[in-house]
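Please treat every number below as a calculation from the coordinates, not as lab data. Keep in mind the model is a prediction, meaning the values are calculated, not measured. As a convention, Cβ positions derive from the backbone with ideal geometry for all residues, glycine included, and neighbour counts pool all protein chains shown.
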Amino acid sequence: MRVPSKWRKKSPLYRSSVVPRPITFFGPTDPPIDRSVMARPHDSTSSLRPSLFALCLLVASTHAAHAQVDVERLRRDDAPLGRSGTLGGDMTIRTGNVDFIQIGLNARLYDVTESATTLMVLNGGLGFLRRDRFASSGLAHLRRTYHHERLVSPEWYGQLNYDRAQLLSFRALAGGGVRAAFAQGDWGTFGAGSALMLEHERLDLPEDALHPDQTLTVRWSNFLTLRVVPEANLVVTSTTYFQPEVQDFSDVRALQNLRLATEVTDALALTVSFDLRYDSDPPDGISSLDTSLRTGVTYTY
């Protein structure tokens, strides 16, 4: 059972000017994909892909994951029929509960059919805190979204993750809902989604902590996503999440992500991301607000 809030301690790339219909993930509902814009012409940069792949593996060896994870920013809007994926790496600067710099890795695996898109996201992270402390995190997320000609598309998802910096030793969730793309065109896309999810968390807390070390809650997860393509090789994405607990709307989690991505070659893109995470009822000794600034590279195959 969750302890009432009043009993708890308060603690301080787009590849062309044509926008393909998006596929699914932790953001707006995606209509069926326009397959006519999926094919990529061959160019001289294709010979660079093996070396770029090796570079990304070298640069991006790990990645941190918050207890709240913005999976929408990891989506790829032009995944072709069949299987494909991306590998990405970044450098993270975190402030709030922890102050450190780390290098991360994220991988996305797609299986796209005419009727549905299955997506798996894998993240991992390692970091040294203040030169003498160690933190790590990891995440696995699986999602399946069904394509419909209608505005709204259903989906389900499951996730496992942990984050030592957030005192999160284990988290499991499963949920289902719908997403919708309200507007899209050459300029980009705008959409939203809503879902119910069952969430279980185990926290690494001392015996005298006021916050329970285990929780089982149902949250109402809502999100808005805006994707703007000001130029052919530049994509700006903003995603906002709002997740109150169903039985206690004063217990809310929110996440804002702003991401810029620019192409270097057909296979390589540079990214800059800023995250702001808020938890109205954090565990003992954990700050309610965290920020994260990342710069990195993404390789697409």
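Here are some notes:
- Annotation for the stretch 229-298: GluC sites (Glu not before Pro) lying in DSSP loop with at most 14 further Cβ atoms inside 10 Å of their Cβ do not exist.
- Using R0 = 30 Å, the C-beta based FRET efficiency linking Ser280 and Ala183 works out to 0.45.
- Here the gap between Ser288 and Leu151, fully extended at 0.36 nm per residue and compared with their Cα-Cα distance, gives a gain of 45.7 nm.
- Three-way shape label, the stretch 203-277, alpha-carbon gyration tensor, a/c 1.5: prolate
- Fewest-first ranking of Ile101, Ile286, using other Cβ atoms within 10 Å as the exposure measure: Ile101, Ile286
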